[in-house]
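The values are calculated or read from the model by the stated rules, or taken from the named source; none is laboratory data. Note that the coordinates shown come from a computational prediction; the quantities given were computed from them, not determined experimentally. Note that each Cβ is placed from the backbone with ideal geometry, even for glycine, and that neighbours are counted across all protein chains shown.
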Amino acid sequence: MRVELKHIKGGLLEQEYTCDPADFPDLVNPAVQGDVGYQGPISVRLRFRQSARMVEVDGCLEATLTLVCGRCLTTFEYELVEPVAMTFVPEAEEDEAAEEREIDQLELGMIPYRDDCLELLIPLQEQLLMAVPIRALCSSDCKGLCPECGADGNLAACGCEKKLFNSKFGVLAKLKK
Ligand SMILES: [Zn+2]
Ligand SMILES: [Zn+2]
């Protein structure tokens, strides 16, 4: 996935890509992604705006993920819609001042390019990795697993809660005597 500056005609280019998750090496690497899976292709819409040698890119990433709920441990589908914003600047020439300038640019989140060619794959992969929720829930009111018996509270009440309540009540009753 790359765009050459000569394709940004009149300073503006809009592009749409449909990517296979396997195009991004880290997205299909279990050591990086853990339980996160990708269902079908990743859609990428980008707009490139060039002014002088700087290219600003904005747009949107969309993907369907499979995640494991942090509370009930079931797998569920998650629609990822993530805005993208990146700034590409020409790679510095090989001298000391340029090296310092390059470090400044990296700190500002600018992505260096060379040979008039913007390499999109790794920056987009980074954006995707950062967009995945760290502790996702299958729903905001997921009841989770019962700490007593491990049953999934979303499926059926297991009765443990009632027992807990009764035993507390029993203690109270004893205290009252
Ligand atoms: Zn859940
Ligand atoms: Zn239970």
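Laid out as a table, the results:
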| item | result |
| --- | --- |
| Any pair with Cβ under 7 angstrom, 6 or more apart, that starts in segment 108-123 at a residue that is touching a residue at least 60 places away in the same chain (Cβ under 8 Å) and ends at one that is part of a loop (DSSP other than H, G, I, E, B) and surrounded by 13 or more Cβ atoms within 10 Å (Cβ to Cβ) | L120/M1; L121/M1; L121/F24 |
| Residue list for segment 20-48, filter: part of a strand (DSSP E or B), more than 16 Å from C117 (Cβ to Cβ) and in contact (Cβ under 8 Å) with a residue 40 or more places away in the chain | I42, V44 |
| First in segment 132-159 and part of a loop (DSSP other than H, G, I, E, B), second anywhere and among the aromatic types (F, W, Y), Cβ under 6 Å, 6 or more apart | C138/F76 |
| Any hit, segment 76-92, residues being at pLDDT below 90 and in the same structural domain as V32 (by TED's automatic domain parsing) | yes |
| Test for G153: is it within 16 Å of ligand 2 (Cβ to nearest atom), at pLDDT 90 or above and small (G, A, S) | yes |
| Some residue of segment 29-39 being away from ligand 1 (no atom under 16 Å from the Cβ), in contact with a helix residue (DSSP H, G or I) (Cβ under 7 Å, 6 or more places away or on another chain) and of a type in the set (F, W, Y) | yes |
| Number of the exception - V68 against (1) away from ligand 1 (no atom under 16 Å from the Cβ); (2) modelled with pLDDT of 90 or more; (3) β-branched (V, I, T) | (1) |
| Checking L118 against (1) modelled with pLDDT under 90; (2) more than 16 Å from ligand 2 (Cβ to nearest atom); (3) not β-branched (V, I, T), the condition it does not meet | (1) |
| Hey, E107 loosely packed, with under 15 Cβ neighbours inside 10 Å and either at pLDDT 95 or above or under 24 Å from the mean Cα position of the chain (by Cα) (or both) or not | yes |
| Residues being part of a loop (DSSP other than H, G, I, E, B), away from ligand 2 (no atom under 16 Å from the Cβ) and of a type in the set (A, V, I, L, M) - total across segment 50-73 | 1 |
